[in-house]
Amino acid sequence: MNKELDYAYIAGLLDGEGTISISNQFYLRACIRNTDLKVLEWIQSFMGGAIYPDNRRVKPCYSLEYSSRTVEKFLSRLCPYLRIKKTQAEFALSLNLHRHQKLTLDERERRFEAYLKMRELNL
C-alpha cells in the first residue's frame, strides 16, 4: 500500500465529510462522519481515533473523532493533501491547544479568540 495515497484519500474524506473545530471547552477536535462504518474502521486502524454512532440522522451514520492528544498528529499528516479545510487545519496546528492544564484567564481568552476565529473559518 502507498501511505501517501491513503493520506490523500483520507484528506479528501475530511474535506468533504469532516469538520475541524474548537469545542466549547476550547479544545481542538476533528471528525469525519460517514454512513460506511467499514471505511471509518479502516481509517481508525490506520490513524487511530474513536468511532461513535451518530444518531442525529435518519440513516445510520458514524463519526470518527480525534481530540486532544490525537488530533494534531491526524491533522499534520493530512494537511499537505487538504484543499477545502487546509486553512482550518493550518490554523488549528498553530494554536497548540492540546494541553490539558488549568487554564489561566489569559489562556482562556486566547482560546476563546481561537474558537471564534475557527467558527469564522468554518462558515
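At-a-glance table
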{"quantity": "Verdict on TYR52 being part of a strand (DSSP E or B), touching a Ser or Thr at 6+ places or on another chain (Cβ under 9 Å) and of a type outside the set (A, V, I, L, M, F, W, C)", "calculated": "yes"}
{"quantity": "Whichever residue in segment 55-71 is buried (at least 16 other Cβ atoms within 10 Å of the Cβ) and assigned to a helix (DSSP H, G or I) and, among such residues, is modelled with the highest pLDDT", "calculated": "VAL71"}
{"quantity": "Exclusive hit being part of a loop (DSSP other than H, G, I, E, B), surrounded by fewer than 16 Cβ atoms within 10 Å (Cβ to Cβ) and not hydroxyl-bearing (Ser, Thr, Tyr), set LEU116, LEU123", "calculated": "LEU123"}
{"quantity": "Segment 9-23, subset part of a strand (DSSP E or B) and modelled with pLDDT of 95 or more, residue surrounded by the fewest Cβ atoms within 10 Å (Cβ to Cβ)", "calculated": "THR19"}
{"quantity": "Yes/no for LEU95 being of a type in the set (A, V, I, L, M, F, W, C) and either buried (at least 16 other Cβ atoms within 10 Å of the Cβ) or in contact (Cβ under 8 Å) with a residue 12 or more places away in the chain (or both)", "calculated": "yes"}
{"quantity": "Candidates PHE26, PHE91, PHE74, filtered to the one that is touching a helix residue (DSSP H, G or I) at 6+ places or on another chain (Cβ under 7 Å) and at pLDDT below 90", "calculated": "PHE26"}
{"quantity": "Count of residues meeting criterion [among the polar types (S, T, N, Q) and in contact with a Leu (Cβ under 6 Å, 6 or more places away or on another chain)] in segment 1-34", "calculated": "1"}
{"quantity": "Residues within segment 24-49 that are touching a residue at least 24 places away in the same chain (Cβ under 8 Å) and in a helix (DSSP H, G or I), tallied", "calculated": "6"}
{"quantity": "Single residue of segment 29-53 satisfying the filter (at pLDDT 95 or above and closer than 30 Å to LEU105 by Cα) that is farthest from the chain's Cα centre (by Cα)", "calculated": "CYS31"}
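The values are calculated or read from the model by the stated rules, or taken from the named source; none is laboratory data. The structure displayed is predicted, hence computed values, not measured ones. All Cβ positions, glycine included, derive from the backbone under ideal geometry; neighbour counts span all protein chains shown.
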